[in-house]
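Trainee: One structure coming up, written as structure tokens, with questions to follow.
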Ligand code: PSU
Ligand code: MN
């Protein structure tokens, strides 16, 4: 039997197909943030607003999810709604992709899962909230997000607001360095820390200008250096949370996760939900603001890459 080509699983939405035909750049968006990262209905509303930000700047958003045994590149409003409210979507990283595609189940792709699908569809830029990373206590738990391995191997630029302080940001950056993943920062010297602007760790290179970011990325890939690039940009000042508050709440959420023996893929969604509850919902407003800002940076990068 001939092997079925990977691209035969892809299904482009009509707007994505039209944008591609017209030569308009695409920006991939993940769906775990919708299905597992935010509550309904804010998740669906945010997903639509993020898409609108990208369209407003002249690029086309392509939210990626698994539905009916296909890798869907671009979702309709009804499909975003289904993903956001069903509560049934699997969280799909590299490991889970074959199982969920073969079963035909609903799947929400993580950063790793979305990178794989974006690369298959030839999309170079992907906007998310925060990347997964090395969890605190990883020397004992071995909990290192598959996002980092994917960044090492799959050639997609990932725009994010850094990584959350639920992670060990220092070890996350060490891991990325070991695997040759460049960490660029836009707007400041340091890597961002999701709810707060400054992680206290320097990014590898600061490139504020989209054309300079595009030149960097093109140079990497032209050299045959496969793999991703992280582009970190801080949450807008007005939406940032105070660092002391988020540190204290993060500590409490981590202690609760340990006490309840939360493990594996449930860890990140558990911590996000607890942080939201412990901040009285303010972390959600911050999360929404930073994703929309990331979408602006990502759309500008996609436009710059298109004419580079
Ligand atoms: N960070 C967030 N919100 C999220 C995630 C990360 O601020 O929703 C999701 C992303 O999809 C990321 C995934 O790829 O969590 C990482 O999960 P894990 O730590 O299980 O690899
Ligand atoms: Mn994990």
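The values are calculated or read from the model by the stated rules, or taken from the named source; none is laboratory data. No experiment lies behind these values; they were computed from the predicted model shown. Neighbour counts are summed over all protein chains in view; Cβ atoms, including those assigned to glycine, are modelled from backbone coordinates with ideal geometry.
Trainee: Tell me, yes or no, whether segment 31-38 has at least one residue that is crowded, with 23+ Cβ neighbours inside 10 Å, at pLDDT below 95 and not in a loop (DSSP other than H, G, I, E, B).
Mentor: Within segment 31-38 (the criterion being crowded, with 23+ Cβ neighbours inside 10 Å, at pLDDT below 95 and not in a loop (DSSP other than H, G, I, E, B)), the answer is yes, since at least one residue qualifies.
Trainee: Suppose we keep only residues that are in contact (Cβ under 8 Å) with a residue 40 or more places away in the chain and more than 16 Å from ligand 2 (Cβ to nearest atom) within segment 251-278. Which one would you say is surrounded by the most Cβ atoms within 10 Å (Cβ to Cβ)?
Mentor: Of everything passing the filter in segment 251-278, 275 is surrounded by the most Cβ atoms within 10 Å (Cβ to Cβ).
Trainee: Within the set of pairs 6+ apart or on separate chains, which have a first residue in segment 40-52 that is more than 14 Å from residue 129 (Cα to Cα), a second that is crowded, with 23+ Cβ neighbours inside 10 Å and modelled with pLDDT of 95 or more, and C-beta atoms under 6 Å apart?
Mentor: If the second residue must be crowded, with 23+ Cβ neighbours inside 10 Å and modelled with pLDDT of 95 or more, the pairs left are 40/84; 44/84.
Trainee: May I ask you to list the residues in segment 217-247 that are over 20 Å from the mean Cα position of the chain (by Cα), more than 17 Å from residue 129 (Cβ to Cβ) and crowded, with 17+ Cβ neighbours inside 10 Å?
Mentor: Result: 220, single match.
Trainee: Which residue out of 4, 24 is in contact with a strand residue (DSSP E or B) (Cβ under 6 Å, 6 or more places away or on another chain) and in a loop (DSSP other than H, G, I, E, B)? Reasoning before the result, please.
Mentor: Working: 4 fails: in contact with a strand residue (DSSP E or B) (Cβ under 6 Å, 6 or more places away or on another chain).
Testing whether each residue is in contact with a strand residue (DSSP E or B) (Cβ under 6 Å, 6 or more places away or on another chain) and in a loop (DSSP other than H, G, I, E, B) leaves just 24.
Trainee: Tally the residues that are under 20 Å from residue 303 (Cα atoms) and touching a residue at least 24 places away in the same chain (Cβ under 8 Å), restricting the search to segment 184-206. Walk me through how you get there before you give the answer.
Mentor: Looking only at segment 184-206, we keep the residues that are under 20 Å from residue 303 (Cα atoms), and these are 184-187, 206.
After this cut, where a residue has to be touching a residue at least 24 places away in the same chain (Cβ under 8 Å) as well, the list is 184-187.
Matching residues across segment 184-206 total 4.
Trainee: Filter segment 259-273 down to residues that are in a helix (DSSP H, G or I) and closer than 22 Å to residue 147 by Cα, then give me how many there are.
Mentor: In the first step, residues of segment 259-273 are kept if they are in a helix (DSSP H, G or I); the result is 259, 264-273.
Among the residues that remain, those that are also closer than 22 Å to residue 147 by Cα are: 264-273.
So the answer is 10.
Trainee: As an exercise: evaluate residue 87 against (1) surrounded by fewer than 20 Cβ atoms within 10 Å (Cβ to Cβ); (2) without any contact (Cβ under 8 Å) to a residue 60 or more places away in the chain; (3) over 15 Å from the mean Cα position of the chain (by Cα); (4) in a helix (DSSP H, G or I) and give the number of the one condition it does not meet.
Mentor: (4)
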